1. Measure out, as a whole number of angstrom, how far apart the alpha-carbon centroids of the stretch 152-222 and the stretch 13-37 sit.
2. For the residues Glu237, Glu290, what sequence is obtained by ranking on other C-beta atoms within 10 Å, fewest first?
3. Determine, for Val251, Val227, Val177, the number of other Cβ atoms within 10 Å of each Cβ, and report the residues in order from fewest to most.
4. Using θ = phi - 60° and the Karplus form 6.51 cos²θ - 1.76 cosθ + 1.60, what ³J(HN,Hα) does each residue of the stretch 196-208 get, whole Hz, x for Gly and Pro?
5. Taking Cα pairs under 8 Å and at least six residues apart, what relative contact order does the stretch 174-297 come out at, in percent?
6. Between Leu101 and residues 5 or more places away or on another chain, which pairs have amide H atoms under 5 Å apart, with H built 1.01 Å from N, and which residues are they?
7. How much length is gained if the chain between Thr44 and Gln21 is pulled fully straight, taking 0.36 nm per residue apart and subtracting their Cα-Cα distance, in nm to one decimal?
8. Given +1 on the Cβ of Lys and Arg, -1 on the Cβ of Asp and Glu, and no further charges, what dipole in debye does the chain carry about its Cα centre, rounded to the nearest 20?
Amino acid sequence: MKFSFWPKPTHTFDETQYLAQKIEHTGWDGLWLADHFMPNAEDTSAPWPEALTTLSALAAVIPRIRLGTLVVGNTYRHPAVLAKMAATIDHISGGRMVLGLGAGWQENEHAKYGIEFFNVPGRLARLEEACQVIKCLFQNESSHFEGDFYRLAGAPLEPKPVQNTLPLLIGGGGEKVTLRITAQYADEWNVWGTVNTLEHKMRVLDEHCERLGRDPRTLKRTAVALVYLTNDTAFAEKMRNNTQATIAGSVSVLQDTVAAYEALGVDELIVPNFNFREEAEDVMDQLISEVFAPFKT
């Protein structure tokens, strides 16, 4: 398994760069950034750096780990522009970029920036076309596409990504449409989830793959959950009852949970530091050196 880190989106660039250097040196496998512009709250005054420009800067100074978006809101950028940005970051990083893409959901960003906010079917339909546009541009010397929302007319994308296949990751768990889009177009998939959530969603995802004639084993699966490393069993139980996907417990309890993810076929566990407090760096070190070490590949 791979183990990656997701820093708070409100960190300054210096803080994010420091954490990226730390995880690079301590054996983590990747760093992911959310693509949002402001908090999803009434008070939107918190500082919130833009994800793709931040990844570009990190790509130039962090030499080993994978770098990805978790995930880009499709409504914020034309997919051809996004493909160009991802390919450029892939070159800066020497072939370590993962383009995570989702339908977009945060309504206040659309309202405040005057970006049209479509209904759920409309956003999902645009997400599917965006996947086609991006794949087309990555794979072809000259791309033509005529969709309901996007059009390409002999469009180039040069230089191509360094990677033969720059991974397209789809984020989301909608079982009827999102997982079908994932099965049809994605190289990787991500969802917030406990072991029970992942077990169910992965079964649905596999069914979509089978209906589309795709080998499910060709689709990498990643999961996100808040992690609490604690020997306080009552606190751990309370945290596991969060509405947000959460795993909690001692080193041995967390290892049992990671083993269950691994048995399901989860390839990568992504750990946010949204809930970390004063001893955040100690927790990061203990997670990678003790909890995750037996599972690392």
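Computed from the coordinates by the stated procedures, all read-outs in this text should not be read as laboratory data. Only a predicted model underlies this, so the values are computations on that prediction, with no experimental measurement involved. Quick reminder, even Gly has a Cβ in these numbers, built from the backbone with ideal geometry, and neighbours come from all protein chains shown.
1. After rounding, the separation between the Cα centres reads 24 Å.
2. So the residues, fewest neighbours to most, are Glu237, Glu290.
3. Ascending number of Cβ neighbours within 10 Å: Val251, Val177, Val227.
4. Computed from phi, the couplings for the stretch 196-208 are 5, 4, 5, 4, 6, 5, 5, 5, 5, 4, 4, 5, 4 Hz.
5. Value for the stretch 174-297: 25 percent.
6. When sequence neighbours closer than 5 places are left aside, the close amide H contacts are Val72, Leu169, Ile170, Gly171.
7. Net length gain for the segment: 5.4 nm.
8. So the dipole magnitude of the chain works out to roughly 680 debye.
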